[in-house]
1. Going by C-beta contacts inside 10 Å, put H131, H154 in order with the fewest on the left.
2. As an exercise, identify the GluC sites (Glu not before Pro) in the range 149-194 lying in DSSP coil whose Cβ has no more than 12 other Cβ atoms within 10 Å.
3. Hey, with R₀ at 41 Å, roughly what FRET efficiency would A316 and L338 work out to, going by the Cβ-Cβ distance, to 0.05?
4. E265 to V189: extension gain in nm, 0.36 nm per residue of separation minus the Cα-Cα distance?
5. What is the extension gain from R34 to R136, computed as 0.36 nm multiplied by their sequence separation minus the C-alpha to C-alpha distance, in nm to one decimal?
6. At most 14 other Cβ atoms within 10 Å and a DSSP loop assignment: could you name the trypsin sites (Lys or Arg not before Pro) in the range 273-366 that fit?
7. Grab the Cα-Cα distance for D115 and E163, subtract it from 0.36 nm times how many residues apart they are, and report the gain in nm with one decimal.
8. Could you list E258, E42 so that the one with the fewest beta carbons within 10 Å of its beta carbon is first and the one with the most is last?
Amino acid sequence: MTPRRLFRPLTLAGLCAVLAAGASCSSGMDRIDRKVNALLAETSQAIGAAGAPVAGALSAGEARGDPTEEHPATVNPPADDLAFAAQVLPVTEGGRTDAQQVIDRLEGYSRMPEDAQSMDLAAALAYACAHSREYRFAEEEYVLSALRLLTERHRWGPRFFDEVGASVVGSGEEGMFDTALSLVNELRVTQRLPYGGEVSARALARATEDLHQRVSGENVQDAEFILSADIPLLRGAGDVAREDLIQAERRLIYAAREFERFRREFLFDIARDYLDLIVAQQRIENAERGVRSLQQVEAQQEALLKAGRNTPFDAAEATNRTLEAIDQLNSARENYRLSLDRFKVRLGMQVDQPLVIERDSLRLSTPKIEMDEAIYAAMSFRLDLQTQRDQLDDARRAVRTARNALLGDLNFQASVSIPTDDDNARGGLDFEAGSASFLAGITYGLPLDREIERVNLRQTEIALERARRGYGQYRDDVAVTVRGAVRGIDSALFSLQIQERNVEIAFQREASIAADPARADIRQRTDAIDQTARARNARDGARRDLEVAVLRYLLETGQLRVLPDGYVQPLRGMQMGEAQPVGESASPGPGP
């Protein structure tokens, strides 16, 4: 065998390996994504969840800058390079012209372009599920758990390895060197056993050639097939051998529960923020009504002043109350714009995207609740509580694993080797079963040094006790939360009734003043307008609180179900659309 012939298989094998690695890179990742997606769908279905993320859609973003740059640039110009333009407001007698200029500018911030995007609650939830960074982080945590399980499962499947080695050995004698080239190829497959240990099969091929060909017949090739097993009988034997796999399987279930729990909490948070925006819209409308009413009072007082029927103080008081109401209106608009921008950020939308929040709500009917039934539902259905309960079993299993580590090492080893014919210089793959050799034996290691293992056992026992107390406290906290959620519905119902009554009283007060305006001074008339606005705001807030309380009750008892698009899935007997909306009108809210 010439060196060229000897190198040819190695070169061809290396080239094939490189080409196969390059060709399988993208297809291998696609295969991983398919496995992960199947695992996510299977796990989510196993816990009764409605939605699961798609691994292939969670791609990494583009890198910016040079990640190897040791000194990244910093933009921090000195104060002399920064300009500040001060705004100068014209001052006129009485301040009326100034105020109007400021009012006009502030109102300009609230003008909406014609192409502004309109969004109701269902659209907001669907958009958040598709674009929210918070939602994407939760999806990625779930996917990472699935990837960790795939890694652990792969360790427990058959694993194939192929190693090719080449070496040149030279030996000198009186200035003359004999150089030989040796090639070794080892193909092996290993398999873990369910209750500890490993079996492996190896095919070992060797080829050696004297490069100087000084001695005829020194170019040899042989092969050997080896089957071996190493099985523990005490320490590391039994279910403890599969501890990493068991824990990885259980952690994926925990991750599925956590993701589903997150989806429910995310729906609650988005719906609450949405309803807060609706209430903020309503506050603006109530403030606008108050401004219009005060402007009417102001015009009346100015007319009376010109007719000599009241004092300048009354006219000035009416003007001042109008300006205060306009200031409060602008503050309400600014608070709405700020809340809307934060809502856009949470949805994953560009902050400068014009958005109109439509008047909408979940319109959940108020449930009939028994306290004991609500607590029982939470103890049975809360996914996070189930995970806490299962993690208590993990702690018990950890104690059992730590006790197993105190045992002695009793291992069984066995191997069988079948070589090729020693008489042939070119053995090929012609194995000689009659020349096989085997080895079998048992080794026992006395448990003399187990101090670290004893410390670990004590740590796991303490962790078990902490897990028991933690589960008990978590369970009690859930019960307290559920009790608060049930009482919250009753409190919200009572508050809504009171606020509805207050609105009626405010309307009656304004009507009585309008029926006989001569009996009321300027302060009484403006106070009545303010009272009506406050009553409307309190009523609208109470409606929002009731809907949030019902949604919180469903969430805290584990009965909230979320559709794949992020919307509420009605339960059997649940009526949606019957409750009164948070707002009164269908007009879009102010502000971009």
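None of the figures in this text is laboratory data; all of them are computed from the coordinates on show. All figures in this text were calculated on a predicted structure; none of them were measured in a lab. Glycine also receives a Cβ, built like all others from the backbone with ideal geometry; neighbour counts cover every protein chain displayed.
1. Ordered from fewest to most neighbouring Cβ atoms within 10 Å, H131, H154 come out as H154, H131.
2. Loop-located and lightly packed - E174.
3. 0.80
4. That pair, E265 and V189, stretches by 22.7 nm at full extension.
5. Values: separation 102, 0.36 × 102 = 36.72 nm, distance 1.89 nm.
Working it through step by step, the gained length comes to 34.8 nm.
6. R309
7. Additional length available on full extension: 10.9 nm.
8. Ordered by Cβ neighbours within 10 Å, fewest first: E42, E258.
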